[in-house]
Amino acid sequence: MRNLLIFSVLAAASTAPAFAQEVTVSGNVALTTDYVFRGVSQSDQGPAVQGGFDVAFGDSGAYAGAWASNINFGTGGSNLELDLYGGFKFALGPVAMDVGVAGYFYPSASDDTAELDYYEGYVKPSIALTDQITLGGAVYWSPEFTGESGDGVYAEVNGAFVASPELTFSGAVGMQTVDATGFFAGEDDYTTWNAGGTYSAMGLGFDLRYAGTDVDNAAIYDDRVIFTIKRAM
């Protein structure tokens, strides 16, 4: 039922307002030294190959997409994450808005212990203060976060500085909470942060980033440096 709901929402968000609109398809592939999501390693501190595609529907602001990565939770079951998402982008005065829903699926995972698949609704506002500086935020909400941990909320503030056409610096600070007691290595919630820069050359993006959390009793939450090479297609 949950998977059916996700596909229904994505289909409605991406196709209903897009009738007779020009469709633009783009894609990306990446190789990273560690797949880190909200400060937590999803690949057991190992490398990951990632890729996805996005579909934009003309000037409607509607979009949909899919993204995948290898993962390693150290339990020997799940080895693939597949994300599906869709939403709308629009302007509220000087504020750019992005509102949508995302589903996170683990096709090879055993659900004998707990259901890993989950979905979130999100709102992501941002504002360009100058041609070089952008500030933004994001709130994600899930009625049943991964591992059947109950209501989950992730809130973030972020920013980016375009130093040159080739170099952009960016960073973010966020907090993840869930209902389940001690779900995050004994913690009910945690704070995460990242900062780094992306340099574009030869059709590739080279990103060097420092990321971490305030959880100090599990290696997957430790501070780390991540290097990623990405190509847009």
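Distance from the alpha carbon centroid of the stretch 142-173 to that of the stretch 205-233 works out to 13 angstrom.
Rounded to two decimals, the Cα-based Rg/Rh of the stretch 75-211, with Kirkwood Rh, is 1.02. So what is log10(I(q)/I(0)) for the chain at q = 0.14, 0.15 1/Å, when the Debye sum runs over its Cα atoms only? Normalising to I(0) and taking log10 leaves -1.04, -1.22.
Here the relative contact order of the chain, from alpha carbon pairs under 8 Å that lie six or more residues apart, stands at 15 percent.
For the stretch 53-100, the relative contact order comes to 30 percent (Cα pairs under 8 Å, sequence separation of at least 6).
Model label points for residue 164 and residue 222, set 7 angstrom from Cα along the Cα-to-Cβ axis, are 3.5 nm apart. Measuring nothing but how far apart in sequence close Cα pairs (under 8 Å, 6+ apart) lie, relative to its length, the stretch 95-233 scores a relative contact order of 14 percent. Note on residue 128 and residue 45: with the Förster distance fixed at 30 Å, the Cβ-Cβ geometry gives a FRET efficiency of about 0.25. In this structure, the amide hydrogen of residue 43, modeled 1.01 Å from its nitrogen in the peptide plane, lies closer than 5 angstrom to those of 35, 72, counting only residues at least 5 positions away or on a different chain.
None of the figures in this text is laboratory data; all of them are computed from the coordinates on show. Quick caveat: nothing in here was measured; it's all calculated off a predicted structure. We place every Cβ from the backbone using ideal geometry, glycine too, and count neighbours over all the protein chains shown.
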